[in-house]
There are 2 protein chains.
Amino acid sequence: MLNQKPSLDLTFQALADPTRRAMVERLTLGPASVSELAQPLPMSLPAVMQHLAILEQSGLVRSQKIGRVRTCQLDVQVLRATEQFLSQCRFAWNHRMDRLGAFFEVARVERPHAGTDGR
Amino acid sequence: MLNQKPSLDLTFQALADPTRRAMVERLTLGPASVSELAQPLPMSLPAVMQHLAILEQSGLVRSQKIGRVRTCQLDVQVLRATEQFLSQCRFAWNHRMDRLGAFFEVARVERPHAGTDGR
DNA sequence: CTGATGCTTAAGCAATCACTTTATCATTCC
DNA sequence: GGAATGATAAAGTGATTGCTTAAGCATCAG
């Protein structure tokens, strides 16, 4: 059909958790270290690391370690691809609506008195 | 921050499963009964029903029962809202890129030879 | 070297998930 | 009425999730 990439699994799964979405939103403001990411979150550092690992597996976030601090940043490419999946679904749906509209249009012209409420 | 609606939890969670995405994609082509949805899927009908329940809870799908057949259809509104969350993230990120660019632009003009560490 | 800081690993645990099978219920067809 | 059809409800199960605590490693400041 439209799309069955396993990467979508990982991305949607990653975004399904409010903690991870908060991390993503934090990263839209710019890169951050692990502890900076963890600071506003009501959980232990290891827990944040696990969330981070999931975000990295999905490709939403990349990170590199310099000295003893790991710096994380958003990768909008995956964000874009995910957005595209949704818009494609909407597009297909709208396309069908258009075709439906066209059908009723034709029906209305060929049988002007038929009860086709809903244009 | 940007968005912390619990509905996003449900929607992303719903879309995280390939079976449920397949159901959504099927529904972009038009309404379908439960068994029509189940037909291409390699699992029992009750399993499909459970997936459907999750899709309905998220608001992605609505359904009504007429006689003994339940007809399901996509609700693009939630799809649209989810898409918006992602595009807002990208927008914030791009906005930061722009500001960064402007900063370096200014820095380059005002102090053409300076090391550009922090204002 | 010594201690503080930042991150990482490992193990454990309760809750949730994605199914299954079995048993009903309600509607339509003959 | 009685069988076939479409959809549900209920209970059980193994795997996964989202944490925790405790311990360990690497880097940096004094």
B:R80 versus (1) more than 9 Å from every other protein chain (Cβ to nearest Cβ); (2) closer than 25 Å to A:S58 by Cβ: which is the lone unmet condition?
(1)
Checking the conditions here, which among A:L45, A:L86, A:L55 is within 16 Å of DNA strand C (Cβ to nearest atom) and within 14 Å of the chain's Cα centre (by Cα)?
A:L55
Within segment A:79-96, does at least one residue satisfy the condition of being at pLDDT 95 or above and in contact with a strand residue (DSSP E or B) (Cβ under 6 Å, 6 or more places away or on another chain)?
yes
Can you find even one residue in segment A:6-15 that is facing chain B (nearest Cβ under 9 Å), at pLDDT below 90 and away from DNA strand C (no atom under 12 Å from the Cβ)?
yes
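The values are calculated or read from the model by the stated rules, or taken from the named source; none is laboratory data. Note that the structure is predicted; figures quoted are calculated from it, not measured. In this analysis, Cβ positions are derived from the backbone assuming ideal geometry, glycine residues included, and neighbour counts consider all displayed protein chains.
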